[in-house]
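Below is one structure, written out as structure tokens, with a few remarks after it.
The values are calculated or read from the model by the stated rules, or taken from the named source; none is laboratory data. Since the structure is predicted, the reported quantities are computational estimates derived from the model, not experimental observations. Here the Cβ positions follow ideal geometry from the backbone for every residue, glycine too, while neighbour counts run over all protein chains shown.
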Amino acid sequence: MSLIEQLRRDEGEKLYAYMDQNGFITIGVGVCIDRRNGCGITHDESDLLLSNRIARTSRALSEEMAWTQALDEVRRNALLNMSYNLGLRGLGEFRHFLDAMKVKEWEQATTFLVQSKWATELHYDPANPLESRPGRLMKQIVTGVEQ
């Protein structure tokens, strides 16, 4: 039996955060991430999680909204950014926005975002649009330039 198999057997594996037997926040195969115990993850581990989540989000976006594959990379990245934040189901609630994106009506699409609860919750300020995630993504969508 390999070490990995032994550790999975002995530690168990949970694909969500949980409290271990000592009351510390733990994930995966016994990985303590609780700051109170001096634990956390490394930048490399964070990069790995981020890369995996981006790939997973990208696949899901392609499967659920196949038309997004025809978008240029910059605008598709804006949708991936939103989906990363909101989840694919959350992004799907932006029906008018997505309809405008589908037909490449960039200005119209961002008009729908400005009016959204999401923009308000993330403190979109028309006077300082680039200081918020929605503002940066709206500019990205309109200009086709990464922000």
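Laid out as a table, the results:
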{"item": "Pairs with Cβ under 7 Å, 6+ apart, first in the range 106-129 and on the phi > 0 side of the Ramachandran plot, second surrounded by 12 or more Cβ atoms within 10 Å (Cβ to Cβ)", "result": "His123/Ser132"}
{"item": "Any hit, the range 119-128, residues being out of contact with any Ser or Thr (no Cβ under 9 Å at 6 or more places or on another chain) and surrounded by 17 or more Cβ atoms within 10 Å (Cβ to Cβ)", "result": "no"}
{"item": "Residue among Leu91, Leu137, Leu50 that is under 16 Å from the mean Cα position of the chain (by Cα), under 30 Å from Val29 (Cα atoms) and modelled with pLDDT of 95 or more", "result": "Leu50"}
{"item": "Verdict on Ser58 being at pLDDT 95 or above, assigned to a helix (DSSP H, G or I) and loosely packed, with under 11 Cβ neighbours inside 10 Å", "result": "no"}
{"item": "Residue in the range 4-53 that is surrounded by the fewest Cβ atoms within 10 Å (Cβ to Cβ), counting only those that are part of a loop (DSSP other than H, G, I, E, B) and charged (D, E, K, R)", "result": "Glu13"}
{"item": "Residue check for Thr68: within 30 Å of Val103 (Cβ to Cβ), touching a Lys or Arg at 6+ places or on another chain (Cβ under 6 Å) and of a type in the set (Val, Ile, Thr)", "result": "yes"}
